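Chemist: Got a structure for you, written out below as structure tokens; questions coming shortly.
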């Protein structure tokens, strides 16, 4: 099933497109207030809504999520089926833009938490080169399958990874480790960290703006 999404700044001539995935339990509206703060001229944003699904760690409560979470240790037992299904849905969004005449090298994938994990998984396995990947407060999913599942088309794609040093949801040490793994695999990773928890701060927004400009 195709993802529902919100399109922001669609009326202005766009030089780039940013597909931005939200975190667990949120929706596509969650990061829309950041658009004016990012102040990126000629940029169209696509904010998809993740599917509704029961989340095991939340006692099976149904909410928007890109994939299920089985335990506090995100990597102990991953929902590979959910991850790959959402990846294909995001791939379809990219293909939608390509059919509209957008060059893949003008498309940025961004996301927060679960959405950031999806940005990494989707971007690094896509078969055409993208402009960049922005991965906020997240980790690299399906860790044991890299680099086998990667696509060389995005081997040189710039990646911005950011994380809060006081993140009590996704450990800072795990994000540092995964950024290092990506660098070891030859990816072009820019790392930023901030004195914050599992959230977004003003200096981070400024860094995202500079990276995407």
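Chemist: Give 174, 161, 169, 196 a once-over and let me know the one that is in contact (Cβ under 8 Å) with a residue 24 or more places away in the chain and within 16 Å of residue 37 (Cβ to Cβ).
Modeler: Of 174, 161, 169, 196, the one residue that is in contact (Cβ under 8 Å) with a residue 24 or more places away in the chain and within 16 Å of residue 37 (Cβ to Cβ) is 196.
Chemist: Okay, moving on. Mind checking which residues of segment 145-172 are at pLDDT below 95 and within 19 Å of residue 72 (Cβ to Cβ)?
Modeler: Within segment 145-172, 168, 169, 170, 171 qualify.
Chemist: Mind checking whether some residue in segment 59-75 is assigned to a helix (DSSP H, G or I) and either modelled with pLDDT of 95 or more or surrounded by 16 or more Cβ atoms within 10 Å (Cβ to Cβ) (or both)?
Modeler: no
Chemist: Out of the residues in segment 88-103 that are in a helix (DSSP H, G or I) and more than 16 Å from the chain's Cα centre (by Cα), which is surrounded by the most Cβ atoms within 10 Å (Cβ to Cβ)?
Modeler: 97
Chemist: Out of 56, 44, I need the residue that is out of contact with any helix residue (DSSP H, G or I) (no Cβ under 8 Å at 6 or more places or on another chain), crowded, with 19+ Cβ neighbours inside 10 Å and over 20 Å from residue 198 (Cα atoms). Which one?
Modeler: The match here is 44.
Chemist: Further, regarding this structure: When only residues in segment 8-31 that are at pLDDT 95 or above and out of contact with any strand residue (DSSP E or B) (no Cβ under 6 Å at 6 or more places or on another chain) count, which is surrounded by the fewest Cβ atoms within 10 Å (Cβ to Cβ)?
Modeler: This residue is 29.
Chemist: In segment 144-202, which residues are closer than 15 Å to residue 112 by Cα, buried (at least 16 other Cβ atoms within 10 Å of the Cβ) and out of contact with any strand residue (DSSP E or B) (no Cβ under 9 Å at 6 or more places or on another chain)?
Modeler: Listed by number, the list holds a single entry, 167.
Chemist: Filter segment 32-45 down to the residues that are outside any loop (DSSP other than H, G, I, E, B) and touching a strand residue (DSSP E or B) at 6+ places or on another chain (Cβ under 8 Å), then identify the one that is farthest from residue 20 (Cα to Cα). Break it down into steps so the answer makes sense when it comes.
Modeler: Kept after step one, since they are outside any loop (DSSP other than H, G, I, E, B), are these residues of segment 32-45: 34-38, 43-45.
This time we only want the ones that are touching a strand residue (DSSP E or B) at 6+ places or on another chain (Cβ under 8 Å), so: 35, 43-45.
Numbers: 35: 11, 43: 12, 44: 11, 45: 7 Å.
Result: 43.
Chemist: For segment 1-23, what are the residues that are in a loop (DSSP other than H, G, I, E, B) and closer than 19 Å to residue 88 by Cβ?
Modeler: 1, 2, 3, 4, 22 - these are the residues of segment 1-23 that are in a loop (DSSP other than H, G, I, E, B) and closer than 19 Å to residue 88 by Cβ.
Chemist: Sticking with this one: Is it the case that some residue within segment 113-134 is without any contact (Cβ under 8 Å) to a residue 40 or more places away in the chain and on the phi > 0 side of the Ramachandran plot?
Modeler: The answer is no; no qualifying residue exists.
Chemist: Of the residues 119, 85, which is buried (at least 22 other Cβ atoms within 10 Å of the Cβ) and either over 21 Å from residue 179 (Cα atoms) or within 12 Å of the chain's Cα centre (by Cα) (or both)?
Modeler: 119
The values are calculated or read from the model by the stated rules, or taken from the named source; none is laboratory data. This structure is a prediction, so every number in the text was calculated from the model and none was measured. Because the Cβ atoms are built from the backbone with ideal geometry, glycine has one as well, and the counts that use them run over all protein chains shown.
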